[in-house]
Structures are given as structure tokens and as C-alpha cells.
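Asker: Here you go, one structure.
The values are calculated or read from the model by the stated rules, or taken from the named source; none is laboratory data. Note that the coordinates shown come from a computational prediction; the quantities given were computed from them, not determined experimentally. Cβ: placed from backbone, ideal geometry, glycine included. Neighbour counts: every protein chain shown. Each accessible area value is taken on the protein alone, full model and side chains, heavy atoms only, with ligands, DNA and RNA left out. Shrake-Rupley method; radii C 1.70, N 1.55, O 1.52, S 1.80 Å.
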Amino acid sequence: MANQANDRRILRVAGRGLALRGDDIDTDQILPARFLTAVTFRGMEAHVFADARAAAAAAGAVHPLDDPRSAGARLLVVNRNFGCGSSREHAPQGLHRSGIAAIIGESFGEIFAGNCVAVGMPCVQADAETIAALQDLLGTAPQTVLSLDLEQRTLTAGDRVFPVSLAAGRQRQFVDGTWDPTAVLLAAGPAIEQTLAEVQAFQG
Amino acid sequence: MGQTLYEKVFNRHVVREVAPGQYQLLADLHLLNEVSSPPAFEALRERGLHVRHPGLTFGSSDHSISTSGRADDFADKQAAGQVAAMGRNMTDFGLTYFDPAAGEHGIIHVVGPERGLTRPGMVIVCGDSHTSTHGAFGAIAFGIGTSQVRDVLASQTLLMEKLKVRRIEITGSLAPGVYAKDVALHVIHALGAKGGVGFAYEFAGAVVDRFSMEERMTLCNLAIEAGARCGYVNPDRTTYEYLHGRDHAPRGAAWDRAVAAWEQVRSDADAVYDDVVTLDGDAIAPMVTWGTSPDQSAPVDGHVADAATAAEHGWTDDVLDFMGFGPGQPVLGTRIDVAFLGSCTNGRLSDFVAVAEQIRDRGFRVAPHVRALVVPGSQRVRAAMVAAGLDRVFADAGFEVRDAGCSLCCGMNADRLTAREVCASSSNRNFRGRQGSPTGRTLLMSPVMVAAAAIAGEVTDARQLFART
């Protein structure tokens, strides 16, 4: 891993995993709306899954995020359509600020996945069997270290190696350290106005 | 080989291919709201950047704004601060603001179309998932996050991968009492809340061809609930007739040139799609959701999923526990506490007209135990309602008519459910906690069905309640 302060490359994410089971976990659940009237993302980590965690506690249960066996987890393992619904970037910002560094899932809400790139938190896809195996493993051995290799597009869990997928452009953004793309976009310079002029000319 | 509208519009807006399959895409309209934009402006200030094309950037405050008609009636100080920050940012960066102080505001997805900002062939972005609404005009319109809002402000562009295109044809015709909302909920039920992940949805077929622009907006609005990042309808005479004469629509010779260009962006007759689905419009009934995902729905005379159906879809028992339903229970007769007419899905004039036509001069009253809100999607919609006397029709029937805003759809303003209240809602999401109470419950349905539930005090078949014999 790079160690220069201005080096933003993300080549590998390693750490303990946390299974959040269920399809269609929407961003209203990840970050409830009443916390969205803030004008900054600072402090969003305090509100991640606030309602689900409170409901679990009230029912005498433990939400996976509050399970001491998974404390300090850096990789989330989720199922289908994770992060669907609202475009609120507060959801990935809150997860990232609470220590999550990557998410492995069967599929993702697309606005959420795009926001995760901009936050520097890779979302990679794996097939249902892989996700089931990982979630089961984390259930029985929550101490297992998962290692996501973004260059090779693999996830290592103990002695098992699983392929994961990620669009080529996004992979390059993490590996190059250009996941915050403002500078890349501005580098297009006058080509932007050229395209705008063409579009406006076409529209009459 | 022909192309789809999606491919044509996408390709025309590509500035360059940044990596294989990843494009720098130009947006020719950027809409802002007060929730997702403040940290983007904060980032511009931190980085010393300006807004590259202020003339393509428009904003409104809709999510956290009060609908009570009193300017200081915010849910909390933070919401008040957010709307104040929006006004400051719009002024500081020289952007057009539909200012609540001037009564210009409304939900941005209602305001954009009614001002003629939304036009065919555009790429339209906004920090809100229901930006898909604008696809009704034959635009590629999709929601983005705050970091992308920052990027579009700074560069007028963003990084995008191409979506696949699924054409959804709704054939035949709709039965009386069945609306665009029902078509959308039916599509979501048929294809699933995650069925559209990776796709743009092109809505077509005889039913969609006959839809008004406002009906098409309802349909495209809900594309995101089907998992599709955007939905669109090919532009046609209905589109042009709606646009003609609106504030930002081209005029004179420019109008004729624009229509000629818009005709070219339609999907070609021989366009190749990644998938085509045909659904029978005649078979669609008024729909009601019973769960916490928009695909968990049934026809009004149908039932909550039984154990076998739930297992087939991978739906877990905790959904029914949360909603307080038993497996296989009828949807009809579900008691409600709140009725909400409004939102970017169903907060346009035709939505309120459709309801008013059913209740005007017929002595219907909202049930005593129900709180019923009518919230116009914009202050212009409100003014049109007043001009047509609809505010009196609703008030006489016991509905409370409010000022414009997202209101009870989003849980960010003073309009919220409390505790386990059940809300019959014309909005777009039945997610847990969506309407502002962590344990509140939402039943999505058409505006006319919401009104019928308000009057009956429970989910009822509007076709029977409002039948004229």
C-alpha cells in the first residue's frame, strides 16, 4: 500500500468482515431521513442504520453492526440491490466514516454504487454462492480476515480465494487513485464546451 | 442497425471515453435541491472552484421546506438552516433559484417540467433519485450523489457507464379507475424492485402513447423503484404540445428547429434492445402495496403474499411483522390513519383534478379518524388548483390543502407519521421509516385510491366507492 499523504490509490482492503443479510436494503434504512437536514457529512457515522439498530435493541436483539464479535469490521458482505432507493450520499458517507472501507455484494443500487466510488469505498460484486459462503463463514468465524485485491479482482477469506467483479473504469479509478474525479473531469478543458456547443446546435 | 433514444442521447453527450466503457458525459441541465447540494458547494469553496455553467443550473428547496404556509414552520433549526444555506449558495454562485420567499418553489421534478426546462434529447442530472421523472420527455435523466453534484457544478460533466435498455410495452387500454400509478406499480410488481438494475427502461405501447405528459412523468418517476436508474418515453406530439409556450421552451423558428431535432432522438423502428417485455394494460387493476419494498403489492381485491409467494421472492417474515399483516390477508379493509395526496410522483394538477372529479358535490367526507393532506407539487400547481376551485372541493370534503413541497413523502420536514400510523400515500416509497416515523407504515396507491381510503377510513376499491349509478 502506498504511504504518501497525497497518494489516494486503493489497491487492497483488508480487515474483518460483517454480514448484513437481506435484499433491497434501501438508503432510507442505512441513513434515516431525519438526519439529512445537516449541511455537512461530518458526524454521519453516528446515524448509520439508526432505526434498525434501535429496533433490534428494543426487541432485546443485537444488530450485526452492534455485535461485539464484529467490532472494527472494514468489509461489509451484503446481498442483492444493497443501497437501493434514495440518492443520499449520506448513506455511503456514514458507512465509510464508521470504518467500512469496501462492500462485497450480489448487486447494488446504482446511484449508491456510484456514490461509493466518489467516497473511495469500492463496491464489488460476487455471485450468490460466494456471498452465501462468506456470510456463513462470518457467522461461524467472525475473526476471519477478508482481503479484497482491487488489481486482481479477488477476495481472499482464510485460505479461499473468490473472484469478484468491478467495472473496468471504476477499478482503474481506485488503482490510479482518481476515485475523486474532479481533476480528471476538469482536465478535459475546452472539449466540454465543444460538446456543449454541438449539443446546443443540434437542439436548434 | 437502428439505435435507441438512450444510445443516441448518451452518445451525443460524450465528451470523451476516460477508460474502457467509462465516459465523461455532459449534462445539459443540472437541478439542485437543498438536501444534496450544500456539501457540494462546501467542496467547491474548499477547492476554490466556481460553477462552470450557471445558466444550466437551477435550484429549488423541496425536501425540508415547510408546507404549512408559515415561513418559520420548520421541523427543526437544522432544516431551517438547510433552506437558508440553499438560498445563500444559489446567490453566491449566481444560480437561478425558485425562491420560496417569492412563492416560486416546488418539488424540483414538478418545477423543471412546468417551466419548460426539461426537454427531449437532454441529459438531466439532479442529486435526487426521482430525477428519472424527466425521462417522460425523452431525456436521459438520473439521480446522482453529492460528490457528483460537486463534479457537475465544477465541470458540467460526470463519469458514467452505459446502461442496457429494456423496452417495456404496455399494450391495449386501461380500464376505468386504473391510472399511471397503477401501471408503474404493476411493472414493478412484475419485474421486481431490483429487476431494472443495470437498465434504462423505455416505456412504450398503446397505453403509454395515449398517456398525458403528467401520466408519463408518474410512470418514469417510478422507474427508479423498479431498480432502473432512468426511464423514458420517446417524444411525440403530446410532448411538444405540453412544452409549447412554456417559460424556457424555444420560440418561433427555434421551436421548429427543436421539434425537428427531437423527432430525431426517438428510438428507431429497428432499434435493438437488450430486452423487451410486453405487459397487458387491460389486465392492470388498481394496485396497493402491502410491504416495505415497492414490488410488494397486490391488486386492490388481492392479498398480502402468502408464505409460498414470499419464499419464491425471497421476502422475509419480518416484512409482515413490521407491517402488521398476516400472510395471505386481504388488502381491502386495512384501516388507515393518514392519507397523503402529493409528491413528485402524483403531485401535479391532473392528479388533483382526477380526485376532485370523483368527490365534487357528492357529499363525501374524510373519515373522522383520518388526517388527510393535499400537498401540491409546486406553488404553480397550487395556484392552478385555487383558480379551478379545487382547494374548496378538497377543503369541503375535510382534506387539508397545504403549500408545495415533498411533505409527507420524505420525513425531512414537519409533515411526518407518528408511531405506527398507517398512511395511504400517493408517494413513491414504502420503505421502513420513509414517512418520518421509524415504525410508520406506508401503503402506496394512486391518488384516487388514496382519496377513497381517506373517505372510507380503510383501503377500499375506489371504483365501487365512486361509482355513479
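Asker: When you go through B:V259, B:V272 one by one, which is the residue that is open to solvent by 20 Å² or more (accessible area, probe 1.4 Å), under 27 Å from B:R380 (Cβ atoms) and in contact (Cβ under 8 Å) with a residue 12 or more places away in the chain?
Answerer: Going through B:V259, B:V272 in turn, just one is open to solvent by 20 Å² or more (accessible area, probe 1.4 Å), under 27 Å from B:R380 (Cβ atoms) and in contact (Cβ under 8 Å) with a residue 12 or more places away in the chain: B:V259.
Asker: Then there's this: For a quick check of your reading: which strands (runs of 3 or more DSSP E) sit entirely within region B:1-92 and have at least 3 residues that are not hydrophobic (A, V, I, L, M, F, W, C)?
Answerer: Once the strands (runs of 3 or more DSSP E) in region B:1-92 are filtered for at least 3 residues that are not hydrophobic (A, V, I, L, M, F, W, C), what remains is B:22-26, B:57-60.
Asker: Assess whether B:H134 counts as being more than 9 Å from every other protein chain (Cβ to nearest Cβ), in a helix (DSSP H, G or I) and either at pLDDT 95 or above or open to solvent by less than 30 Å² (accessible area, probe 1.4 Å) (or both).
Answerer: Considered against the rule, which asks whether it is more than 9 Å from every other protein chain (Cβ to nearest Cβ), in a helix (DSSP H, G or I) and either at pLDDT 95 or above or open to solvent by less than 30 Å² (accessible area, probe 1.4 Å) (or both), B:H134 comes out as yes.
Asker: A further question on this structure: Right, B:A223: farther than 24 Å from B:V165 by Cβ and either in a helix (DSSP H, G or I) or modelled with pLDDT of 95 or more (or both) or not?
Answerer: No; evaluated as a whole, the condition is false for this residue.
Asker: Suppose we filter A:V48, A:V62, A:V77 for residues that are touching a strand residue (DSSP E or B) at 6+ places or on another chain (Cβ under 9 Å) and among the aliphatic types (A, V, I, L, M); which single one remains?
Answerer: Answer to the check: A:V77.
Asker: If a residue has to be charged (D, E, K, R) and surrounded by 19 or more Cβ atoms within 10 Å (Cβ to Cβ) to count, how many in region A:146-204 make the cut?
Answerer: Qualifying residue count, region A:146-204: 1.
Asker: Now for a different question. Looking at B:S68, B:S60 in this structure, which one is more than 14 Å from every other protein chain (Cβ to nearest Cβ), open to solvent by 20 Å² or more (accessible area, probe 1.4 Å) and in contact (Cβ under 8 Å) with a residue 40 or more places away in the chain?
Answerer: Of B:S68, B:S60, the one residue that is more than 14 Å from every other protein chain (Cβ to nearest Cβ), open to solvent by 20 Å² or more (accessible area, probe 1.4 Å) and in contact (Cβ under 8 Å) with a residue 40 or more places away in the chain is B:S68.
Asker: Another question, if that's okay. Condition first: within 10 Å of chain A (Cβ to nearest Cβ) and surrounded by 21 or more Cβ atoms within 10 Å (Cβ to Cβ). Can you find one or more residues in region B:163-170 that meet it?
Answerer: Within region B:163-170, one or more residues are within 10 Å of chain A (Cβ to nearest Cβ) and surrounded by 21 or more Cβ atoms within 10 Å (Cβ to Cβ).
Asker: Which of the residues that make up region B:147-177 are in contact (Cβ under 8 Å) with a residue 40 or more places away in the chain, in a helix (DSSP H, G or I) and under 23 Å from the mean Cα position of the chain (by Cα)?
Answerer: B:S147, B:V149, B:V152
Asker: Let me ask something additional. For B:A43, are the conditions met, namely being out of contact with any Cys (no Cβ under 6 Å at 6 or more places or on another chain), within 11 Å of chain A (Cβ to nearest Cβ) and over 30 Å from A:V175 (Cα atoms)?
Answerer: no
Asker: Check off (1) in contact with a Gly (Cβ under 6 Å, 6 or more places away or on another chain); (2) free of Cβ contacts under 8 Å to residues at least 60 places away in the same chain; (3) surrounded by fewer than 20 Cβ atoms within 10 Å (Cβ to Cβ) for A:R8 and give me the number that stays unchecked.
Answerer: Every listed condition holds for A:R8 apart from (2).
Asker: Right, next: Identify, from the list A:A14, A:A19, the residue that is open to solvent by less than 50 Å² (accessible area, probe 1.4 Å), closer than 29 Å to A:T178 by Cβ and away from chain B (no Cβ under 14 Å).
Answerer: Within the list A:A14, A:A19, the selection yields A:A14.
Asker: Any residue at all in region B:383-401 that is of a type in the set (D, E, K, R) and in contact (Cβ under 8 Å) with a residue 40 or more places away in the chain?
Answerer: No, because not a single residue in region B:383-401 is of a type in the set (D, E, K, R) and in contact (Cβ under 8 Å) with a residue 40 or more places away in the chain.
Asker: Moving on to the next point. So which of B:V15, B:V51, B:V110 is closer than 22 Å to B:R382 by Cβ and either among the β-branched types (V, I, T) or open to solvent by less than 40 Å² (accessible area, probe 1.4 Å) (or both)?
Answerer: B:V110
Asker: Moving on. Only residues in region B:178-191 that are farther than 15 Å from B:T345 by Cβ count as the first member; pair them with residues that are assigned to a helix (DSSP H, G or I) and not hydroxyl-bearing (S, T, Y), Cβ under 8 angstrom, at least 6 apart or cross-chain, and list the lot.
Answerer: B:L191/B:A226
Asker: Every residue in region A:26-54 that is open to solvent by less than 20 Å² (accessible area, probe 1.4 Å), of a type outside the set (S, T, Y), within 12 Å of chain B (Cβ to nearest Cβ) and part of a loop (DSSP other than H, G, I, E, B), please.
Answerer: Passing the criteria: A:L31, A:P32, A:L36, A:A38, A:F41, A:F49.
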